[in-house]
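Each value in this text was obtained by applying a stated rule to the coordinates, not by laboratory testing. Model, not experiment: these values are computed from the prediction. As a convention, Cβ positions derive from the backbone with ideal geometry for all residues, glycine included, and neighbour counts pool all protein chains shown.
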Amino acid sequence: MSSAYRDRLIEYRKACEKQLKPSRFEHSIGVAYTAMALAMKWGADVEKAGTAGYLHDWAKGIKIDEQIRICRKELPDLPESIYISPAVLHAPLGAHLLRKEFGIKDEEILSAVRYHTTGRPDMSLLEMILFVADYIEPGREQIAELPEMRKLAFEDLTAAATRIMALSLAFLERSGRPIDEMTQKAYDYYKNIRKDT
Ligand code: FE
Ligand code: FE
């Protein structure tokens, strides 16, 4: 890791500490390190994984009404259906703000942040790493499936991502929350290429 890059990671970490509430900041550190470990295991760019990990929930530091307002104004191409599940908005808004506020132009990083909540069909390695790291990071609330997911992430990343999508959809259904279109599309895509999950 070049020292310029290390300086940037320090800058991102400090910025996050200011932007996010303490528990979310702690989550971001957990996601950054988990994403970097997964990048080491699966041969992705470790530095990009760290950047995406630290900054993925950046837009969560903004109140939801304000998130909606900025998205309406600055991201007119977002599908109308996304506003049915406003909790998803922080992902595309985050990618937008990383470009605008941090000058991050790397499309791999931006896309990983954009899809970290929903996943999408045919994800890149970095997208999948961030998606999985967000779910399995050490501070994540203990759910029954978590130990198995953590192990699986280092054995078969796609299988882990597919299981996480299934669990998220089941959770949304159980709790009566609306299911974002992209989440369903992503799961359908991976379920079809992996009949075993
Ligand atoms: Fe998030
Ligand atoms: Fe997160």
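Between K21 and I143, with labels modelled 7 Å along Cα→Cβ, what's the label distance in nm to one decimal, could you check?
2.0 nm
If you count, for each residue, the other Cβ atoms within 10 Å and average over each peptide, how do 183-191, 24-32, 147-155 line up from highest to lowest?
24-32, 183-191, 147-155
What distance in nm separates the simple spin-label points at R13 and Y83, each placed 7 Å from Cα in the Cβ direction?
It is 4.0 nm.
Can you order the peptides 63-71, 75-83, 47-55 by their average number of other Cβ atoms within 10 Å per residue, highest first?
Taking the mean over residues of other Cβ atoms within 10 Å, the ranking is 47-55, 63-71, 75-83.
At a temperature of 37 °C and a viscosity of 0.692 mPa s, determine how fast the chain diffuses translationally according to Stokes-Einstein, using the Kirkwood radius over alpha-carbon pairs as Rh; express D in µm²/s, rounded to the nearest whole number.
It comes out at roughly 194 µm²/s.
Subtracting the Cα-Cα distance from 0.36 nm times the residue separation, let me have the gained length for E155 to L75 in nm, one decimal.
Extra length available between E155 and L75 comes to 25.1 nm.
Measure out, as a whole number of angstrom, how far apart the alpha-carbon centroids of the stretch 57-114 and the stretch 140-197 sit.
22 Å
So what is the calculated 222 nm ellipticity per residue for the chain, using -39500 (n - 2.57) for each DSSP H run with n of 4 or more, over all residues, to the nearest 500 deg cm²/dmol?
Theoretical 222 nm ellipticity from helices: -21000 deg cm²/dmol.
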